[in-house]
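Read-outs: derived from the displayed coordinates by stated rules, not from any lab. Here the structure is a predicted model, which is why all the values come from computation and not from measurement. Glycine also receives a Cβ, built like all others from the backbone with ideal geometry; neighbour counts cover every protein chain displayed.
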Amino acid sequence: MRECLGFRMGAAYRRVDRLFNRAFARIGLTHAHGYVLTCLLQAGELRARDIARLTGFEQSTVSRLLKELARRKLVRRRRDPDDGRSHLLSPGARAEALRGDIEHLLRRTDERLRRELARDDAEGLLRAAEVMERLP
């Protein structure tokens with residue numbers, strides 16, 4: 001098992017996900033919610049398919065997360081004027097109010113993770129992640 005990159009990466013991801021979930025729980029969100037909101041806060045407005053592409057989440061997962069965030073008034077939806085079948089999503093006022101907390105939690109948790117890794121190892125992981133993000 002130690003030699004199987006897929007198993008090891010999966011186990012490592014689950015540990016990192018738990019680390020971020022504990023951090024985001026302080027503001028009533030999950031790591032996945034924080035990731036989606038961060039995408040929206042940075043971009044301003046996106047389609048669900050763009051969020052799926054950016055996050056690597058399945059479309060069904062993005063739909064579920066967006067419904068949860070919309071119900072909590074953290075995300076606004078409006079019809080896409082260029083495609084009537086699609087919606088444009090943007091951060092709601094409540095998400096904007098949480099922006100500082102979200103950015104602080106991300107920065108602090110990322111710093112903690114980086115402290116656990118040597119700088120060269122962290123940079124190598126980022127380069128490896130870029131390669132893996134291109135996998136189908």
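Can R108 be described as in a helix (DSSP H, G or I), basic (K, R) and within 25 Å of A12 (Cβ to Cβ)? Talk me through it step by step, then tell me what you get.
Values: in a helix (DSSP H, G or I): yes; basic (K, R): yes; within 25 Å of A12 (Cβ to Cβ): yes.
Answer is yes for this residue.
From the residues in the range 35-63 that are touching a residue at least 60 places away in the same chain (Cβ under 8 Å) and of a type in the set (A, V, I, L, M), which one is surrounded by the fewest Cβ atoms within 10 Å (Cβ to Cβ)?
Within the range 35-63, the subset touching a residue at least 60 places away in the same chain (Cβ under 8 Å) is 37-38, 41, 56.
Among the residues that remain, those that are also of a type in the set (A, V, I, L, M) are: 37, 41.
Numbers: L37: 24, L41: 17.
Only one residue fits best here, namely L41.
Among the residues of the range 82-131, which ones are among the aliphatic types (A, V, I, L, M), without any contact (Cβ under 8 Å) to a residue 60 or more places away in the chain and surrounded by 13 or more Cβ atoms within 10 Å (Cβ to Cβ)?
Taking the range 82-131 and keeping what is among the aliphatic types (A, V, I, L, M), we get 88-89, 93, 95, 97-98, 102, 105-106, 113, 117-118, 122, 125-126, 128-129, 131.
Cutting the leftovers down to without any contact (Cβ under 8 Å) to a residue 60 or more places away in the chain gives us 88-89, 93, 95, 97, 117-118, 122, 125-126, 128-129, 131.
Correct list: L88, L89, A95, A122, L125.
If you take the residues in the range 10-27 that are free of Cβ contacts under 8 Å to residues at least 12 places away in the same chain and under 19 Å from R72 (Cα atoms), which one is surrounded by the most Cβ atoms within 10 Å (Cβ to Cβ)? Show your work before the answer.
Of the residues in the range 10-27, the ones free of Cβ contacts under 8 Å to residues at least 12 places away in the same chain are 10-15, 18, 21-22, 25.
Subset that is under 19 Å from R72 (Cα atoms): 21, 25.
On the way: N21: 16, A25: 12.
Across the range 10-27, the extreme among qualifying residues is N21.
Select from the range 39-87 the residues that are within 21 Å of R14 (Cα to Cα), among the polar types (S, T, N, Q) and in contact with a Lys or Arg (Cβ under 9 Å, 6 or more places away or on another chain) and list them in ascending order.
Once the filter is applied, which keeps residues that are within 21 Å of R14 (Cα to Cα), among the polar types (S, T, N, Q) and in contact with a Lys or Arg (Cβ under 9 Å, 6 or more places away or on another chain), the range 39-87 yields only Q59.
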